[in-house]
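What follows is calculated from the coordinates using simple rules that are stated; it is not laboratory data. Remember, it's a predicted structure, so these values are computed and weren't measured experimentally.
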Amino acid sequence: MHGPASSGWLLVALCAATGVYCLLRMRSGVEEQRSAAGGEALMGFGMAAMAVPAAVFTPPPWVWPGYAVVFGAAGLRALWAARSGRHHLHHLVGAAAMVYMAVAMAGSPAHAHAHGTSGTPVLTGALLLYFTGYVLLAGVRLIPVVAVAGGGAGVPPVPAPGGGPGAGGGPGAGGRAATGWGDRPELARACRLSMAIGMLAMLLPL
């Protein structure tokens, strides 16, 4: 899981930045957005900590069982939440991947962390296929959203949560300017895409 220090720090930065943005999304006025952002923030910071190069910091043995417990609980929460929305199933798979990597790290000798010999090929392959498909699909879906968010002739403004296009009155009060950071769909999708790419990078050495 721990590759060269330079690529490891890039992965740490990507996951930490994603986690910070997810914390900002928790200020959304939409309950569903806040709930999803909390789980994604936990995932981002957990991935950032797991990606720290082993040459810099080797976690004590109790850390990996702790990871398994925390993300196992997150997976159960996502499974319960999936009753109201299928998108929570993606959170369930992400939590399961974190549990799998934590168990693999806990059950491997220290030298295996650097050489990627700690995983189960079938499970690793299945997770790689899932996250590869998710990255491709999310990337395709993100393209038209970015185009619409960029504005243009005939593009209607995005209404603010809890108000219409003119909520607050005056030019710039409605539309995209009134839409909070936690309610921008293209940014939320980019956040999930970044975490999926990070997950691929962490799974590949296994």
Rounded to a whole number, the Stokes-Einstein D of segment 20-62 in µm²/s (Kirkwood radius over Cα pairs; 4 °C; 1.567 mPa s) is 111 µm²/s
For segment 7-124, the Rg and Dmax computed from alpha carbons only, in angstrom: 15.1, 47
